[in-house]
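What follows is a single structure, written as structure tokens, with notes after it.
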Amino acid sequence: MRAIPIDNFFEGFEGNRGLAPEEAVNEASFDWGRIVAEGRAARAAADGASWRIGHLALLVERRYASGALQKFAEAIGEAYGTVRRYRWVAKAYDVDIRLRHPSLSFSHFQAVAGLPDRLSWLQRASRGSWSVDRMTRESRTGAAGAKPARSRARDLGALRTSIEGLRRSISSASSLDDAAIAGEGKAWLVEALDDLLVEVEQLKERVRRATRTAEARRPLKVARERPSAISKPKTPTALKARAIGR
């Protein structure tokens, strides 16, 4: 099977705008075999693979039952968590947004996918030719610096309350009937938990990164304080003993 050029692939999912009839992609023609073949071709491609796999994962999610996304990941030889992440980023943006910033990599889009003002950060990164590291640093600093310390503390408190409430809600799942989970729940429960897991993994990575940054700054602070402590002369133990002997 001939692999579809990545931009044509996106256009096909958006109504085949601007394509010749022979190039048009009909989503209905994507059976399981074709989806897997396109996913394998995407993995072998140098550019656009992440976006392409993400959009294929969205198609799998819409069309097939729960558990199909993991089968898709296994079939194309990609890690399940990676496919979920690709899908999460692809779901955060309309196709025309991605095409509007051709100079930005998938990692740029991923860095701000969870932010409400992600489109403005994409514009800044595109205009300034930012690296992914700079975009991540600027967006996190900007999001934190936009609010006073008291407001940030309230936000953290609200986050803690939300997480604790979510833990209580999920723990109550033990009382659910297995038949109900396998019946009515299978259509949405696995996908919803997958999306939640991606968000949690993103937040955990931010916590780890912030912790590493804070720990890296700590030795510099200690080094500045050290001279004042050293500047106070201390009498050696031997001299003290002689003074006492006298």
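The values are calculated or read from the model by the stated rules, or taken from the named source; none is laboratory data. Quick caveat, the model's predicted, so the values are computed rather than measured. All Cβ positions, even for glycine, are placed from backbone atoms using ideal geometry, and neighbour counts span all protein chains on display.
Picking from residues in the stretch 67-96 that are touching a Phe, Trp or Tyr at 6+ places or on another chain (Cβ under 8 Å) and either in contact (Cβ under 8 Å) with a residue 60 or more places away in the chain or within 28 Å of Arg134 (Cα to Cα) (or both), the one that is surrounded by the fewest Cβ atoms within 10 Å (Cβ to Cβ) is Ala92. For Val190, the stated conditions do not hold, so it cannot be described as modelled with pLDDT under 65 and either in contact with a Ser or Thr (Cβ under 7 Å, 6 or more places away or on another chain) or among the aliphatic types (A, V, I, L, M) (or both). When you check Ala42 against the structure, is it within 20 Å of Tyr93 (Cα to Cα), assigned to a helix (DSSP H, G or I) and modelled with pLDDT of 50 or more, yes or no? Considered against the rule, which asks whether it is within 20 Å of Tyr93 (Cα to Cα), assigned to a helix (DSSP H, G or I) and modelled with pLDDT of 50 or more, Ala42 comes out as yes.
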